[in-house]
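Presented below is the structure to which this report refers.
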Amino acid sequence: MSPVRIAAPTVVSSGRLRAKRKDDMYVSRIGGACRRRAPHAAFTLVELLVVIGIIAILVGILLPALSKARQSGVTVKCLSNLRQLGTATSMYAGDNKNWLPWPTTTFGEEMLWSNAVDPYLQNIVANSRTGVAANRNYSAYKQCPVWETFNDGARAGGQDVYKEYARTYKMNSHLRAVLTTARPNPDGGAPTLRWLARMTQITDAPKTVLYGDATSLDQTGEIASQWDSGQFSFEVNDKTQASPALRHQGGANIVFVDGHAETVKFKTIKRTLKNEPSISVDTWESEYVNGSGAPTDPSDPTKSEAQLGLGRNPNSPLIWSYLGRLYRY
């Protein structure tokens with residue numbers, strides 16, 4: 001039933017009754033009974049300020065949590081990408097008598113890890129690019145998700161000097177065999193002491209680094225053709241080389257030779273960039289220590305730890321190399 005409007009009476013100075021509109025009340029008849037509804041009251045300024053203050057406090061509490069959740073999402077996606085690379089590399093080795101791809105461009109584009117894994121990720125290069133870009137596939141799954149935030153690549157002509165030049169993932173630089181006798185160069189050049197590593201040479205696969213987060217533009221800033229960012233390999237022993245990037249809440253994501261991936265956090269040090277001495281990045285200590293317990297870069301990788309008087313560094317316990325067997329030199 002529609003409400004019946006009744007003016008609330010009030011007494012004025014003359015003793016007469018009149019309706020006072022602003023104090024109108026409403027009566028609705030429901031089953032013979034009457035129900036009153038009070039007029040709407042507005043918020044006071046103090047009440048509004050209190051509500052705004054509460055909202056501001058809640059935002060201050062929630063924003064860090066939301067930011068951490070977003071960072072965790074990036075970390076999970078990064079680990080997934082690395083596992084895919086680990087699986088693709090294992091398939092490559094299975095088809096090539098247990099030989100691993102090469103960490104750098106020394107032996108040409110075909111043996112370079114970043115290109116060698118493409119057929120196993122169902123991504124074959126077919127483009128009209130020029131220069132090195134003609135043989136490369138710039139796919140996001142071969143990069144940490146942070147790569148998507150870099151200045152966009154050229155996507156035409158040659159490789160651009162920012163995003164396409166950058167490698168947020170790099171291969172362990174020491175996964176190459178130590179030779180004492182030169183052998184024919186697969187690239188057609190002079191005989192070489194550098195050679196491919198074999199899976200059978202790696203005796204502790206669950207601890208041996210395969211690929212991982214490494215120095216790139218999110219640490220160095222947007223620098224054209226930045227040397228560390230553009231490298232395909234990384235390590236911890238030689239501080240002039242690209243190193244692990246601790247971009248995931250103080251840790252680096254690593255995929256190991258056995259195929260498992262995890263976020264790793266160790267004691268950190270500062271490393272000055274090779275071509276930008278004014279810029280330093282956080283990274284890890286060398287995997288080796290000398291007789292005094294100080295982190296060190298081995299002087300002769302053709303000799304064993306015992307021959308060099310070295311031990312493993314407890315502050316950097318991952319395996320990057322096997323002295324006398326697998327090392328970059």
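The figures follow:
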read-out: Residues of segment 129-139 classified as in a loop (DSSP other than H, G, I, E, B) and in contact (Cβ under 8 Å) with a residue 24 or more places away in the chain, total; value: 4
read-out: Per-region count, segment 305-319, residues under 19 Å from residue 209 (Cα atoms) and either part of a loop (DSSP other than H, G, I, E, B) or modelled with pLDDT under 95 (or both); value: 6
read-out: Matching option when the condition is more than 21 Å from residue 258 (Cβ to Cβ) and surrounded by 18 or more Cβ atoms within 10 Å (Cβ to Cβ), among 326, 308, 318; value: 308
read-out: Elements of type strands (runs of 3 or more DSSP E) in segment 185-296, at least 1 residues being at pLDDT below 95, touching a Phe, Trp or Tyr at 6+ places or on another chain (Cβ under 8 Å) and buried (at least 17 other Cβ atoms within 10 Å of the Cβ); value: 192-196
read-out: Output for segment 96-118, where each listed residue is assigned to a helix (DSSP H, G or I), free of Cβ contacts under 8 Å to residues at least 40 places away in the same chain and either farther than 19 Å from residue 255 by Cβ or of a type in the set (A, V, I, L, M, F, W, C) (or both); value: 116
read-out: Identity of the residue in segment 40-69, over 37 Å from the mean Cα position of the chain (by Cα), at pLDDT 80 or above and of a type outside the set (A, V, I, L, M), that ends up farthest from residue 247 (Cα to Cα); value: 44
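One line per residue, one yes/no per condition, for (1) modelled with pLDDT of 95 or more; (2) crowded, with 17+ Cβ neighbours inside 10 Å:
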site: 71; (1), (2): no, no
site: 81; (1), (2): yes, yes
site: 111; (1), (2): no, yes
site: 126; (1), (2): no, no
site: 137; (1), (2): no, yes
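The values are calculated or read from the model by the stated rules, or taken from the named source; none is laboratory data. Remember, it's a predicted structure, so these values are computed and weren't measured experimentally. All Cβ positions, even for glycine, are placed from backbone atoms using ideal geometry, and neighbour counts span all protein chains on display.
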